[in-house]
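Undergrad: Can you read through this structure? Questions will come right after.
The values are calculated or read from the model by the stated rules, or taken from the named source; none is laboratory data. Bear in mind the structure is a predicted one, so any value in this text is a computation, not a measurement. Note that each Cβ is placed from the backbone with ideal geometry, even for glycine, and that neighbours are counted across all protein chains shown.
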Amino acid sequence: MVYKGILTLFLLVVLNRAAAQGLTWQQVAPGVWKGVAGQPEAYNLLKAAGSAPSIAALQKMGDQPFPFPQVAVSATVSDGKTNLRFPLQKEEQVFGLGLNFQTVHQRGKILQLHVDHYGGKDNGRTHAPVPFYVSSAGYGVLINAARYLTVYIGTGVRKDSHNPPVEKDRNTDKSWSARPYSDAVEIQVPAAGTEVYVFAGPTPLDAIRRYNLFNGGGALPPRWGLGFTQRVRSLFTADEVAAEADSFRLKGYPLDFIGLEPGWQSRAYPGTFEWDKKRYPDPAGFVKKMLGKDIRLNLWMNPYISKQASFYKQITPYTGSHTVWTGEVPDFTLPEARRIFFGQMKKDQVDIGVSGYKIDEVDGYDYYLWPDVATFPSGLSAEQMRQTYGVLAMRYSLELFAKKNERTYGLVRASNAGANSYPYVLYDDYYNHEDFITALINSGYIGVLWTPEVRASKTSEEWIRRFQTVIFSPMAMINAWSSGTKPWSYADVAVPIKELALLRMRMMPYWYSEFAKYHFEGTPVFRGMSLEPGFESTATGSVKANLEENPYLEAVSKEVKDQYMAGEYLLVAPLFAGQQNRKVILPKGNWYDFYTGAYAGNGEVITATPGIEKIPVYVKDGAIIPMMAPMLHAPKKGEQVDLEIRVYGTKPGSYKLYDDDGVTMDYEKGRFDWRTVTVAKEANGQLKGMVEAPHNKAVQSYNKITFRFMTDNK
């Protein structure tokens with residue numbers, strides 16, 4: 001009997017250990033699988049975000065098989081840590097794993113994914129260290145752990161590797177490398193278990209779409225959020241803000257919302273979250289006055305509470321052990337902390353008509369944020385709180401607007417997995433223009449939004465080049481909190497700057513439809529070239545052609561981080577200060593100049609020389625771009641505008657034009673409309689456009705619709 005008991009105990013230990021050495025898989029949605037290793041923590045990234053899958057949209061995508069053998073994934077739990085290993089084929093490239101600023105290809109790197117202010121190096125410490133990657137082989141992987149993760153992306157070589165690198169003699173072999181090939185992505189999670197999600201394709205874009213839809217779909221901003229925004233100087237008064245808005249109107253520059261910086265509060269760093277009565281003696285009257293000018297207000301804040309705040313004594317029992325700039329840090333995982341903090345925002349700001357927030361300094365650096373030894377009353381670790389604090393701040397501020405049945409659009413300094421549907425755009429104080437474009441590209445791989453904002457420039461050339469890129473980004477913004485710059489501050493480029501700002505407004509029907517696809521279908525609006533069909537990246541294959549004879553193959557074999565797709569049809573190729581021209585890689589298929597409709601090329605490298613006033617933009621064959629007349633403000637709820645639908649190239653095509661009231665959350669209740677725009681070839685060979693009749697007349701924003709054929713079809 002004793003022997004039998006010992007044997008039973010031994011078998012239990014072995015079975016438990018065996019369970020800890022692998023993952024238990026369960027399909028949780030079409031093309032989506034959840035794996036469990038060890039004992040996952042109760043608090044994780046998706047729980048913090050409160051994300052809910054868009055099951056109907058995932059079902060519409062259809063099912064796909066698990067993208068690689070499940071037995072090829074291993075998980076071991078040892079010393080309180082979980083080590084994961086995913087297979088990596090020799091020809092695969094890896095994208096994602098955080099908001100990186102200098103690299104798009106992540107294979108061969110070691111990243112420590114850690115919420116932080118970006119410090120100038122892609123090492124994993126960034127504003128959105130999202131632990132999701134997508135493979136060029138057509139699948140995605142998410143590690144659902146609110147911890148600092150270390151990721152080895154094809155860098156560690158196991159001696160039992162199924163596909164090991166060939167041993168070479170450095171003395172005689174010039175192909176010897178200090179970084180030999182590895183056949184795995186390995187992740188260390190500092191916890192005794194974790195959840196893992198795998199997203200099937202079949203293409204990389206499909207995997208990203210499933211990832212976005214599993215987290216509720218992408219953000220759908222209000223129409224006014226896609227207009228133009230100006231952030232004013234920190235200590236502006238109510239009268240100065242009103243005068244700023246009037247100057248835009250008088251000069252004919254569009255403006256939809258103004259950002260107020262720390263000076264709106266009676267005290268900041270830390271904050272009171274109460275209006276400064278000297279600068280803003282009548283907050284409710286001021287907000288009402290600005291709304292009467294069709295200008296919405298966005299308020300800066302960081303969530304660190306001054307002892308001078310009226311609610312300080314109420315909330316201090318629900319704050320952490322350490323302060324930030326001497327301000328107390330509320331534990332947003334506690335309902336009482338949320339009731340007090342966001343109750344103040346509701347009463348003092350949202351209830352009088354404020355339209356959004358800029359949530360600052362929830363990212364780092366280490367020297368001002370709470371240290372990892374900090375404690376919080378909920379019992380969560382400082383590490384878990386840091387990885388999710390920006391997400392929590394966004395989540396519960398959004399509830400304030402949802403309860404009013406209003407949409408918002410704001411800014412934030414930190415995000416993470418699960419926040420895909422949040423209408424917040426990331427930004428930072430780093431100011432390298434080229435790197436801003438790389439970050440915009442990377443944002444599309446990880447389900448966040450990023451703006452290459454404009455602050456100030458050394459020359460008018462730099463100013464207009466920066467301005468051009470914000471026009472083709474999620475938020476068209478000048479952040480003048482310090483510089484006080486205006487769109488017309490550089491007089492010699494003021495006219496083309498105005499044309500660019502008005503172009504942003506003219507393209508609003510296109511941007512709005514593309515963001516609707518992001519929300520309902522998961523397709524990121526701004527995304528890298530590796531996701532574009534016809535862009536034959538040789539990161540997944542060998543180049544057999546002579547590169548000297550075929551420069552296109554040479555170009556696509558390299559990391560492309562300075563051109564990107566904007567919506568379904570547009571390829572944007574920015575120029576930077578000092579450049580007179582640049583190379584542009586056009587995917588296979590005919591492409592046309594956005595401004596003229598002239599043929600540009602097909603599967604080749606071209607040289608763009610646009611002059612100072614234009615940013616190179618190219619359009620796919622068969623493209624349908626809905627545009628409206630330029631307006632100084634986004635159309636109001638119920639306001640109808642005329643559409644001009646531009647058609648490019650010679651191919652027939654179709655486009656899904658989205659519409660809703662542009663302001664409320666009613667689209668979540670089915671109050672929206674999709675209308676198919678069709679361009680067909682007639683018997684005489686000419687193209688003709690047609691627009692499907694409205695299905696929901698209650699939400700129609702478009703009146704007269706005309707077509708403009710940009711390309712000569714004779």
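Undergrad: Taking the options Glu639, Glu613, Glu604, name whichever one is in contact with a helix residue (DSSP H, G or I) (Cβ under 6 Å, 6 or more places away or on another chain), assigned to a loop (DSSP other than H, G, I, E, B) and surrounded by fewer than 17 Cβ atoms within 10 Å (Cβ to Cβ). Break it down stepwise before answering.
TA: Numbers: Glu639 fails: in contact with a helix residue (DSSP H, G or I) (Cβ under 6 Å, 6 or more places away or on another chain); Glu604 fails: assigned to a loop (DSSP other than H, G, I, E, B).
Being in contact with a helix residue (DSSP H, G or I) (Cβ under 6 Å, 6 or more places away or on another chain), assigned to a loop (DSSP other than H, G, I, E, B) and surrounded by fewer than 17 Cβ atoms within 10 Å (Cβ to Cβ) holds for just one of Glu639, Glu613, Glu604, which is Glu613.
For (1) over 27 Å from Ser421 (Cβ atoms); (2) at pLDDT below 95; (3) aliphatic (A, V, I, L, M), each residue gets a yes or a no:
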residue: Thr316; (1), (2), (3): yes, no, no
residue: Pro330; (1), (2), (3): no, no, no
residue: Pro335; (1), (2), (3): no, no, no
residue: Gly353; (1), (2), (3): no, no, no
residue: Tyr365; (1), (2), (3): yes, yes, no
residue: Val373; (1), (2), (3): yes, no, yes
residue: Gln384; (1), (2), (3): no, no, no
residue: Ala393; (1), (2), (3): no, no, yes
residue: Glu399; (1), (2), (3): no, no, no
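Undergrad: For the range 223-281, give me each residue that is β-branched (Val, Ile, Thr) and under 20 Å from Leu502 (Cβ atoms). Show your work before the answer.
TA: Here is the first cut: in the range 223-281, the residues β-branched (Val, Ile, Thr) are 229, 232, 237, 241, 258, 272.
Hits for the range 223-281 are Thr229, Ile258.
Undergrad: Which members of the range 38-80 meet the condition of being surrounded by 14 or more Cβ atoms within 10 Å (Cβ to Cβ) and hydroxyl-bearing (Ser, Thr, Tyr)?
TA: Selection gives Tyr43, Ser51, Ser54, Ser74, Thr76.
Undergrad: In the set Pro165, Pro204, which member is surrounded by fewer than 17 Cβ atoms within 10 Å (Cβ to Cβ) and in contact with a Phe, Trp or Tyr (Cβ under 8 Å, 6 or more places away or on another chain)?
TA: Numbers: Pro204 fails: surrounded by fewer than 17 Cβ atoms within 10 Å (Cβ to Cβ).
Sole residue among the options that is surrounded by fewer than 17 Cβ atoms within 10 Å (Cβ to Cβ) and in contact with a Phe, Trp or Tyr (Cβ under 8 Å, 6 or more places away or on another chain): Pro165.
Undergrad: Would you mind stating whether Thr711 is surrounded by fewer than 18 Cβ atoms within 10 Å (Cβ to Cβ) and either out of contact with any Asp or Glu (no Cβ under 7 Å at 6 or more places or on another chain) or in a strand (DSSP E or B) (or both)?
TA: On the way: surrounded by fewer than 18 Cβ atoms within 10 Å (Cβ to Cβ): no; either out of contact with any Asp or Glu (no Cβ under 7 Å at 6 or more places or on another chain) or in a strand (DSSP E or B) (or both): yes.
Here the answer is no, as Thr711 does not meet what is asked.
Undergrad: Does Ile471 satisfy the condition of being of a type in the set (A, V, I, L, M), surrounded by 24 or more Cβ atoms within 10 Å (Cβ to Cβ), assigned by TED's automatic domain parsing to the domain that holds Arg296 and at pLDDT 95 or above?
TA: Details: of a type in the set (A, V, I, L, M): yes; surrounded by 24 or more Cβ atoms within 10 Å (Cβ to Cβ): no; assigned by TED's automatic domain parsing to the domain that holds Arg296: yes; at pLDDT 95 or above: yes.
No, not satisfied.
Undergrad: Identify all residues within the range 259-289 that are under 24 Å from Ala337 (Cβ atoms) and outside any strand (DSSP E or B); write none if there are none. Working first, answer last.
TA: Kept after step one, since they are under 24 Å from Ala337 (Cβ atoms), are these residues of the range 259-289: 262, 264-275.
The answer is Pro262, Trp264, Ser266, Arg267, Ala268, Tyr269, Pro270, Thr272, Phe273, Glu274.
Undergrad: Let me ask you something else. On the given criteria, is Ala501 modelled with pLDDT of 95 or more, crowded, with 21+ Cβ neighbours inside 10 Å and either outside any loop (DSSP other than H, G, I, E, B) or on the phi > 0 side of the Ramachandran plot (or both)?
TA: On the way: modelled with pLDDT of 95 or more: yes; crowded, with 21+ Cβ neighbours inside 10 Å: yes; either outside any loop (DSSP other than H, G, I, E, B) or on the phi > 0 side of the Ramachandran plot (or both): yes.
Judged against the criteria, Ala501 is a match.
Undergrad: Moving to a separate point now. Quick one: count up the residues across the range 555-602 that are free of Cβ contacts under 8 Å to residues at least 24 places away in the same chain, in contact with a strand residue (DSSP E or B) (Cβ under 6 Å, 6 or more places away or on another chain) and of a type outside the set (A, V, I, L, M, F, W, C).
TA: 2
Undergrad: Residues in the range 81-88: is at least one at pLDDT 95 or above, among the hydroxyl-bearing types (Ser, Thr, Tyr), buried (at least 21 other Cβ atoms within 10 Å of the Cβ) and out of contact with any helix residue (DSSP H, G or I) (no Cβ under 8 Å at 6 or more places or on another chain)?
TA: Yes, the range 81-88 contains at least one residue that is at pLDDT 95 or above, among the hydroxyl-bearing types (Ser, Thr, Tyr), buried (at least 21 other Cβ atoms within 10 Å of the Cβ) and out of contact with any helix residue (DSSP H, G or I) (no Cβ under 8 Å at 6 or more places or on another chain).
Undergrad: Still on this structure: Quick check: is even one residue across the range 66-79 closer than 24 Å to Asn442 by Cα and in contact (Cβ under 8 Å) with a residue 40 or more places away in the chain?
TA: Pass one, the range 66-79, residues closer than 24 Å to Asn442 by Cα: 67.
When the remaining residues are screened for being in contact (Cβ under 8 Å) with a residue 40 or more places away in the chain, the result is 67.
Yes, some residue in the range 66-79 is closer than 24 Å to Asn442 by Cα and in contact (Cβ under 8 Å) with a residue 40 or more places away in the chain.
Undergrad: Can you tell me which condition Trp370 does not meet? The list is (1) closer than 18 Å to Arg296 by Cα; (2) surrounded by fewer than 21 Cβ atoms within 10 Å (Cβ to Cβ); (3) not charged (D, E, K, R), and all the others hold.
TA: (1)
Undergrad: Read through the list (1) surrounded by fewer than 18 Cβ atoms within 10 Å (Cβ to Cβ); (2) touching a Leu at 6+ places or on another chain (Cβ under 9 Å); (3) among the aliphatic types (A, V, I, L, M), then give the number of the only condition that Val94 fails.
TA: Tallying (1) surrounded by fewer than 18 Cβ atoms within 10 Å (Cβ to Cβ); (2) touching a Leu at 6+ places or on another chain (Cβ under 9 Å); (3) among the aliphatic types (A, V, I, L, M), Val94 fails exactly one: (1).
Undergrad: Restricting attention to the range 607-647, which residues are over 16 Å from Ser513 (Cα atoms), more than 28 Å from the chain's Cα centre (by Cα) and acidic (Asp, Glu)?
TA: Answer for the range 607-647, where residues must be over 16 Å from Ser513 (Cα atoms), more than 28 Å from the chain's Cα centre (by Cα) and acidic (Asp, Glu): just Glu639.
Residue-wise test of (1) assigned by TED's automatic domain parsing to the domain that holds Ala629; (2) outside any strand (DSSP E or B); (3) among the hydrophobic types (A, V, I, L, M, F, W, C); (4) without any contact (Cβ under 8 Å) to a residue 40 or more places away in the chain.
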site	(1), (2), (3), (4)
Arg646	yes, no, no, no
Thr650	yes, yes, no, no
Val677	yes, no, yes, no
Ile705	yes, no, yes, no
